[in-house]
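Novice: Quick one: the structure is below, questions incoming.
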Amino acid sequence: MVTIALDAMGSDRFPKPEVEGAIQAARAFDLKIVLVGREDVIRKELNEHGGWHSLPIEIQHASEQITMQDSAGKAVRSKKDSSIRVASRLVREGVAQGVVSAGNTGAVMATAKMVQGMLPGVDRPALATAFPTLHGKSAVMLDVGANVDCTPKMLAQFAVMGNAYSRVIFRNKHPRVGLLSIGEEAHKGNALTHDAYPMLKSLTNLNFTGNVEGRDLYTGVADVIVCDGFVGNVALKVSEGLVEVVRQSLKQSLKASITRKVGAYLARGAFNDFKKRVDYSEYGGAPLLGLNGMCIICHGRSNAKAIRNAIRIAKEFAEAKINERIATELDGWASAQAV
């Protein structure tokens, strides 16, 4: 049985969404969950839900907590018994196969990298996120914030990692990989994309289709989109803001008049389908790829549904042995480069 360590002290409303999400996941999936954090706080919340004692849920005490206000670097060094550090330690020791956290993103990334270590052949881990597309399938973009400054070699590693993730999680047999730039032509872009383009093209086991533009994030022309963490994070935040504006605008327009209210009633199914397709909680969280272990990072405002789905993704990630696939493919690429 797969075991997932869940940082119960990370989200904005801890430990309520973590506990509720863990209970939902334990009932829906065949896995074990270890809730990590202050035992008294976690147990009090668990006791609000009847019947949890019969579920495969355990508590691992951690006396400290890293908050959203903490400096990531300082907190990682000073809070050695924090919930995210204890959870990551469970992965390193083989007690759990993955960790899920909705805590301070910088602290979670730094802790996971320090405690779990990196896969051979990976310079830096990459944060990957899924985007809905017009074709109904999800596209993966990485990096979306783990590495502000990247080298061409790192982008090539991201492409290999994203390719493996797309194949396993989204069932894409031959993912189309695109390099995010300001034009489709190979000569367009900055120094990083210019140097990364031939390196991505040299990956013989990769279906590299060339440059893609920002407008292509949602069109489905690529299944994996590679970029540095600065550009990726800006694209992610702009997308989140745009989605919220569209949702609220539609809601306001449909309520503006009696006629529109009738139309709103008739369009409710389509509107709900739209909300589901763009709702971050459907995707759960973003995996930090390249670790010698597994870590899923969720929004700080995650609800129980998002936590549940993040745990599901973590289980699928572990069962599919994505890390082993990434390591094998990176080793093959490194060998080809050395020839």
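Novice: Filter segment 194-224 down to the residues that are outside any strand (DSSP E or B) and of a type in the set (A, V, I, L, M) and list them by number.
Specialist: Within segment 194-224, ALA196, MET199, LEU200, LEU203, LEU206, LEU217, VAL221, ALA222 qualify.
Novice: While we're looking at this one, here's another question. Could you tell me which numbered condition ASP143 fails, if it satisfies all but one of (1) surrounded by fewer than 24 Cβ atoms within 10 Å (Cβ to Cβ); (2) under 19 Å from the mean Cα position of the chain (by Cα); (3) not β-branched (Val, Ile, Thr)?
Specialist: Condition not satisfied by ASP143: (1).
Novice: Hey, another quick one. Restricting the search to segment 146-180, which residues are among the hydroxyl-bearing types (Ser, Thr, Tyr) and crowded, with 24+ Cβ neighbours inside 10 Å?
Specialist: TYR165, SER166
Novice: Something else: Just checking, does segment 154-163 include any residue being hydrophobic (A, V, I, L, M, F, W, C), assigned to a loop (DSSP other than H, G, I, E, B) and at pLDDT below 95?
Specialist: No, there is no match, as no residue in segment 154-163 is hydrophobic (A, V, I, L, M, F, W, C), assigned to a loop (DSSP other than H, G, I, E, B) and at pLDDT below 95.
Novice: I'd like to check something: does segment 36-55 contain any residue that is under 19 Å from LYS315 (Cα atoms) and of a type in the set (Asp, Glu)?
Specialist: No, that holds for no residue.
Novice: Count, please, the residues in segment 298-315 that happen to be crowded, with 24+ Cβ neighbours inside 10 Å and assigned to a loop (DSSP other than H, G, I, E, B).
Specialist: Summing the residues that are crowded, with 24+ Cβ neighbours inside 10 Å and assigned to a loop (DSSP other than H, G, I, E, B) in segment 298-315 gives 2.
The values are calculated or read from the model by the stated rules, or taken from the named source; none is laboratory data. Here the structure is a predicted model, which is why all the values come from computation and not from measurement. Cβ coordinates were reconstructed from backbone atoms using ideal geometry, including for glycine residues, and neighbour counts include every protein chain displayed.
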